[in-house]
Amino acid sequence: MSRRAVVVGAGLAGMLAAAVLSAAGVEEVVVLERDDLPEGPEQRRGLPQGRHAHLLMAGGLAAMEEIVPGVSLRKRLLAAGAHEISLSSGMLALTPEGWLRRWRREGPVMLTCTRALVDWTLRAAVLEQSAVEVRKAAVVGLTGSAGHVRGVRIAGRDGEADLDADLVVDASGRGTRVLAWLDGLGLAGVRTRTVDSGLVNASRLYRVPAGAEGFPLTIVQANPYVSRPARSAMVMPVEGDRWLVSCGGSRGGEPPADPAGFLRYTLDLPDPIVGRLISGAQPLTDVHLSRSTSNVRRYLEKAPGWPEGFVVLGDALGTFNPAYGQGMSVAAFGARVLGGELGRADRLGEPGLARRVLRGAARSVEAAWSMAVGQDVLYPEVRGGRPGGADRVLTAYTRRVMKAAAGGSYPAASALWDVTSMRTPPTRMFHPGTVLAALAGAPLPPLTGPPLTAGEREVLAGLDRTGR
């Protein structure tokens with residue numbers, strides 16, 4: 001197709017973009033990464049959220065499999081120790097409307113493992129299947145003009161140098177400097193918005209106790225409807241016979257970093273089940289904190305002018321509170337848009353190509369943004385937004401659907417699974433069957449405790465060192 005494409009960032013979004021560029025016939029695909037990349041599934045410096053819980057939803061995994069065909073990322077991840085969790089039967093979830101029931105009917109699935117394993121597995125697969133080169137380099141700017149980007153400027157030991165490209169893709173993540181780069185070309189005034197609930201994540205790895213290997217993923221969700229700070233916790237099985245335990249609290253309800261405080265935090269939630277589980281488990285790491293959690297939207301697709309030869313994908317276009325598990329899937333959707341547009345183009349420099357990719361990628365970013373921000377603005381002391389009339393109507397409807405699902409409505413639960421798994425857009429919540437379920441309400445009374453099997457109750461009781 002063309003001579004060279006440059007991708008900024010070797011994270012998940014960058015490697016997916018590199019894969020579709022190579023598959024489209026680009027002769028030379030160069031990925032530039034400023035950080036040292038680990039040789040295995042290990043935490044890397046440029047991913048501040050990497051130590052915390054990440055959920056790879058079915059919709060995102062399907063997009064990745066499409067982008068990197070013939071590899072089966074799912075099989076590779078499962079072989080490396082990832083877990084496949086059914087949203088309908090494999091979770092214990094306390095929502096603001098009560099405990100969700102577990103169904104014998106199988107619903108969508110998600111994969112749980114460390115973020116490091118996802119990134120490393122994907123990167124290895126792309127490099128095996130594609131003629132992609134990864135170089136260590138720090139990009140400091142774009143070259144070209146406001147009308148056409150011609151490459152990137154790289155900082156090195158011997159000063160700065162230019163690397164020409166027919167297409168540049170910014171996939172540099174939360175730390176992107178895209179606005180400064182555009183300003184350097186004379187393109188200023190891009191609208192941005194930040195909604196920051198002050199969320200702090202705290203995570204710790206534990207050894208899975210003997211006999212608890214099959215215990216369900218367990219989550220106590222934050223409640224945005226009680227005028228108190230968000231407080232949540234999750235026990236998620238990951239590779240290596242470990243539990244990744246992640247807590248999250250918004251401004252005024254932040255989890256602590258000391259081990260004793262971490263345990264107290266989990267026990268003080270509306271249900272102490274997470275604390276009861278980990279009280280009898282062996283910790284393997286210290287508690288790791290992260291504060292890089294705000295929702296940031298860069299409305300690049302709405303800029304009045306956009307240079308040819310430049311595309312922005314992944315977190316560089318929009319970042320979300322990681323509590324909602326959307327980031328990896330949204331990055332995959334954006335890369336899929338890039339692949340689709342490349343398949344219809346004659347060359348990388350084709351007029352309008354970059355703008356079309358940007359607008360297409362922005363659609364999935366906007367859907368995820370609306371879901372994340374719609375909840376975050378409800379927490380006290382949030383910065384950057386307050387719920388409007390439309391937000392309150394949508395919130396009231398969503399609560400009705402959730403209450404119906406917790407009360408045993410399969411149509412309501414099925415809609416929530418489809419949207420949560422990112423197999424369908426949020427408009428799925430307004431299908432006639434879902435609306436009828438919301439209107440009909442809960443057919444059963446709310447559960448008084450988690451829907452545990454007899455065996456799971458025995459495991460929990462055997463682990464509990466709290467006396468509760």
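None of the figures in this text is laboratory data; all of them are computed from the coordinates on show. Just so it is clear, the structure is predicted and the values come from calculations on it, not from any experiment. Neighbour counts run over all protein chains shown; Cβ positions are idealised from the backbone, glycine included.
Here's the picture: charge each Lys and Arg Cβ at +1 and each Asp and Glu Cβ at -1 in the chain, and of 459, 19, 252 the one pushed furthest to the positive end of that dipole is 252. Placing pseudo-labels 7 Å out from each Cα toward the beta carbon at residue 258 and residue 179 gives an inter-label distance of 3.8 nm. Computed 3J(HN,Hα) for region 397-411, one whole-Hz value per residue from the Karplus formula 6.51 cos²θ - 1.76 cosθ + 1.60 where θ = phi - 60°, is 5, 4, 5, 5, 5, 5, 5, 5, 5, 5, x, x, 7, 5, x, glycine and proline marked x.
What's the longest bit of the chain with no exposed GluC sites (Glu not before Pro), using DSSP loop states and at most 16 other Cβ atoms within 10 Å as the test? It works out to 214-380.
By the count of other C-beta atoms within 10 Å, a proxy for reagent exposure, 247, 113 are ordered fewest to most as 113, 247.
Just flag the trypsin sites (Lys or Arg not before Pro) in region 126-167 sitting in loop per DSSP whose Cβ has no more than 10 other Cβ atoms within 10 Å.
157
Semi-axes of the equivalent ellipsoid for region 168-301, computed as √(5λ) from the eigenvalues of its C-alpha gyration tensor and ordered from largest down, come to 36, 18, 12 Å. Within region 78-181, the percentage of alpha carbon pairs spaced more than 17 angstrom apart rounds to 71%. For the chain, a simple Cβ point-charge model (Lys and Arg +1, Asp and Glu -1, everything else neutral) yields a dipole of about 1260 debye relative to the Cα centre. Legend: calculated FRET efficiency, residue 227 to residue 65, from the Cβ-Cβ distance at R0 = 35 Å, rounded to 0.05, equals 0.25.
How large is the helix-only mean residue ellipticity at 222 nm for the chain, computed as the sum of -39500 (n - 2.57) over DSSP H runs with n ≥ 4, divided by its residue count, in deg cm²/dmol to the nearest 500? Please list the in-between numbers first.
Working: 13 runs with 156 residues, N = 468.
Taking each H run of at least 4 residues, the total per residue is -10500 deg cm²/dmol.
In this structure, residue 390 and residue 424 have a Cβ-Cβ separation that, at R0 = 25 Å, corresponds to a calculated FRET efficiency of about 0.70.
Computed on region 408-468, the Cα convex hull volume stands at 129 Å³ per residue.
Lys and Arg at +1, Asp and Glu at -1: add these up for the other residues within a Cβ distance under 14 Å of residue 361 and post the number. Result for the local shell: +3. Enter the per residue convex hull volume of region 229-290, computed from alpha-carbon coordinates, in Å³ rounded to the nearest integer. Value for region 229-290: 84 Å³ per residue. As a calculated quantity, the FRET efficiency between residue 291 and residue 145 at R0 = 35 Å, using C-beta atoms, amounts to about 0.40.
Paramagnetic label reach from residue 457 (point 7 Å along Cα→Cβ; backbone nitrogen cut-off under 20 Å): within region 201-222, residues 211-219. Relative to one another, the C-alpha centroids of region 102-126 and region 346-371 are positioned 26 Å apart. Taking amide hydrogens as placed 1.01 Å from N in the peptide plane, the amide H of residue 242 sits under 5 Å from those of 208, each at least 5 positions away in sequence or on another chain.
Working value for the chain: equivalent-ellipsoid semi-axes of 39, 24, 21 Å, each the square root of 5 times a Cα gyration tensor eigenvalue, largest first. Checking every one of the trypsin sites (Lys or Arg not before Pro) in region 6-109 against DSSP loop status and a limit of 16 other Cβ atoms within 10 Å picks out 45, 104, 105.
Taking amide H atoms as placed 1.01 Å from N in the peptide plane, the amide H of residue 91 has no partner under 5 Å among residues 5 or more positions away or on other chains.
Across q = 0.09, 0.18 Å⁻¹, region 274-421 modelled as identical point scatterers on its alpha-carbon atoms has Debye log10 I(q)/I(0) values of -0.43, -1.14, in the order of the q list.
Ranking 222, 113, 181 by how far each Cα lies toward the positive end of the dipole of the chain (charges on Cβ) leaves 222 at the top. Percent of alpha carbon pairs in region 260-342 separated by more than 16 Å? Every Cα pair in region 260-342 considered, those over 16 Å come to 69 percent.
Expressed to the nearest 5 percent, the antiparallel share of DSSP beta bridges inside the chain is 70 percent.
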